[in-house]
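Read through the structure below, which is laid out as structure tokens, and then see the notes.
Nothing in this text is a laboratory measurement; each read-out follows from the coordinates by a stated rule. The shown structure was predicted, so the numbers you read here are calculated from the model rather than taken from an experiment. In this analysis, Cβ positions are derived from the backbone assuming ideal geometry, glycine residues included, and neighbour counts consider all displayed protein chains.
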Ligand code: CA
């Protein structure tokens, strides 16, 4: 297997160094950047397999970097947030980060999360060659094998997680799931996040799927309980 490339964008050199040391030991190729602007240009030109992105960075902060990368790219991004920055986790996910880890973190946990996120991207690449299995729901065509979604014939850009949530709900039409259930079933044991992650992902999905995301026709809210998929 080719060694995977990780880009670390972190201005605290001591943290960056120790992460790099541990990743190299695990067989990763590592590149580092100490400010947001340079990190962004390395992210776009060097095409790493995964990016570790600190929030508080000089020149350009981690949120701006994340947003910029997501305009053109689906490279997995793990945000590094400080413990007191609760709100940052949600904002990072809204801007398209795949995962976050709170400082201080253990190296084993960080490496497990990096590997899990890279595995998911590899899986997604393999799925592009799978035989089609398309289900139609109103204007939506969902290819359950290839992880592709079309709306009125136009392909939608969904992240793997967004697709998995949509697939899970669409295969179980009209059945209501709590956010806890969805976190367990869709994100699974590898994920350490909280239930707001589900709300954020539903919001992002609605923005992509719905004509009017404030008046959804596909992914419905059951007040006080959770979410379900409805055929319009
Ligand atoms: Ca920092």
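The mean sequence separation of alpha-carbon pairs under 8 Å and at least six residues apart, normalised by the residue count of region 140-232, gives a relative contact order of 29 percent. The Cα atoms of region 86-232 give a gyration tensor whose axes a ≥ b ≥ c have a/c of 1.5 or more with a/b no greater than b/c, which makes the shape oblate. Among beta bridges from DSSP that stay inside the chain, the antiparallel ones total about 50%. Sequence-distant contacts, meaning Cα pairs under 8 Å at least 6 residues apart, place the relative contact order of the chain at 12 percent. Relative to the first principal axis of the alpha-carbon coordinates of the chain, what is the inclination of helix 196-209, with its axis defined by its Cα atoms, in degrees from 0 to 90 and to the nearest 10? Here the helix axis deviates by roughly 60 degrees. Computed over the chain, the per-residue total of -39500 (n - 2.57) for DSSP H runs of n ≥ 4 gives a 222 nm mean residue ellipticity of -12500 deg cm²/dmol, rounded to 500.
Here 78, 195, 118 are placed in order of increasing Cβ neighbour count within 10 Å, fewest first, which gives 195, 118, 78. In terms of the Cα gyration tensor, with a ≥ b ≥ c the square roots of its eigenvalues, is region 5-126 rounded because a/c is under 1.5, prolate because a/b exceeds b/c, or oblate? Rounded, since a/c falls under 1.5. Taking the number of Cβ atoms within 10 Å of each Cβ as an exposure proxy, the fewest-first ranking of 119, 179 is 119, 179.
Using a cutoff of 8 angstrom between alpha carbon atoms and counting only pairs six or more residues apart, the relative contact order for region 1-133 works out to 20 percent.
To the nearest ten degrees, helix 107-127 and the longest principal axis of the Cα atoms of the chain are 50 degrees apart.
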